[in-house]
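**Q** So that we are looking at the same thing, I have put the structure below in structure tokens.
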Amino acid sequence: MAGRKFLVGGNWKMNGCKSDYKALIEAWNKATVTDKCEVVIGAPAPYLQYVRDTMKKEFAVSAQNTYKASKGAFTGEISPEMVLDCGATWTILGHSERRDIFKESDEEIAEKTKFCVDNGLMVMWCCGEHKEEREAGTTMDVVSVQLKALADKLAPEDWAKIAIAYEPVWAIGTGLTATPEQAQGTHKDIREWVSKNVSAEVAGAVRIQYGGSVKSSNCVELAKCPDIDGFLVGGASLKEDFTEVMNAADESVSE
């Protein structure tokens with residue numbers, strides 16, 4: 001990890017309500033979580049303020065999507081200013097569900113990312129390939145196009161506000177998980193791409209999370225990989241034992 005602090009993000013997606021979150025947050029607030037890990041919870045927009053008010057301050061809160069404007073006639077969207085006003089400091093952008101279901105292009109995601117970092121938000125920026133692309137051996141062909149769209153929009157200093165979340169689409173919510181070898185290989189390739197196309201300094205500092213059916217049973221082995229700097233987790237982040245994923249980088253910690 002070369003000095004990069006482990007980053008675990010939870011993405012609740014469009015799940016749950018206050019009564020569900022209350023018990024979850026109460027359990028997490030009592031749990032011991034290593035200080036080797038930075039935790040960020042992606043809550044649905046209507047609950048950002050509630051989660052920020054009830055969850056311990058050591059955990060950050062993230063929006064799941066944010067638009068590229070401060071205000072205006074953009075029905076249903078939220079701005080970076082709105083996210084910050086709720087006490088959240090991060091946003092998730094470029095998730096495969098936004099790309100595939102809502103047809104957001106690489107360029108649109110890059111524009112949103114640039115606007116968010118310029119307006120005070122940290123960003124977990126997602127990329128990844130589909131199953132047929134993995135099987136065809138074109139993973140980095142796909143991911144490098146996504147990365148180039150982002151790199152074309154960012155200034156060198158912007159990268160300090162970005163975490164790259166590599167999420168193979170075939171492993172999201174399917175129960176399939178990339179092996180540690182597969183995940184490490186792609187993370188290494190991503191870091192090498194950043195080194196070649198942005199800078200070696202940025203490549204050494206940027207955190208690359210893995211996402212794709214991460215859970216308590218597989219997180220420790222994945223966390224041992226040198227280029228995996230954390231996780232972005234969906235379904236398992238709605239469970240009390242998500243603290244085990246938070247502690248994956250430090251096996252000595254228990255609840």
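**Q** Trp193 passes all but one of (1) crowded, with 17+ Cβ neighbours inside 10 Å; (2) out of contact with any Leu (no Cβ under 7 Å at 6 or more places or on another chain); (3) in a helix (DSSP H, G or I); which number fails?
**A** (2) is the only condition that Trp193 fails.
**Q** I would also like to ask the following. Looking at this structure, is Leu150 buried (at least 17 other Cβ atoms within 10 Å of the Cβ), of a type outside the set (D, E, K, R) and farther than 30 Å from Ala27 by Cα?
**A** yes
**Q** Then there's this: Restricting attention to the stretch 1-49, and to residues there that are among the small types (Gly, Ala, Ser) and assigned to a loop (DSSP other than H, G, I, E, B), which single residue is surrounded by the most Cβ atoms within 10 Å (Cβ to Cβ)?
**A** Restricting to residues being among the small types (Gly, Ala, Ser) and assigned to a loop (DSSP other than H, G, I, E, B), the top hit is Ala43.
**Q** Can you tell me how many residues within the stretch 157-190 are touching a strand residue (DSSP E or B) at 6+ places or on another chain (Cβ under 8 Å) and in a loop (DSSP other than H, G, I, E, B)?
**A** So the count comes out to 2.
Yes/no per residue for (1) under 16 Å from Cys37 (Cβ atoms); (2) part of a strand (DSSP E or B):
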residue: Ile208; (1), (2): yes, yes
residue: Glu221; (1), (2): no, no
residue: Cys225; (1), (2): yes, no
residue: Phe231; (1), (2): yes, yes
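**Q** Restricting attention to the stretch 134-156, does a residue exist that is farther than 24 Å from Lys196 by Cβ, among the polar types (S, T, N, Q) and touching a Pro at 6+ places or on another chain (Cβ under 9 Å)?
**A** No, the stretch 134-156 contains no residue that is farther than 24 Å from Lys196 by Cβ, among the polar types (S, T, N, Q) and touching a Pro at 6+ places or on another chain (Cβ under 9 Å).
**Q** Which numbered condition trips up Ala236, out of (1) among the aliphatic types (A, V, I, L, M); (2) outside any helix (DSSP H, G or I); (3) closer than 20 Å to Gln64 by Cα?
**A** (2)
Here, each number is a calculation from the coordinates, and none is a lab measurement. These figures come from a predicted structure and were not determined experimentally. Here Cβ is always computed from backbone atoms with ideal geometry, including for glycine, and neighbour counts include all displayed protein chains.
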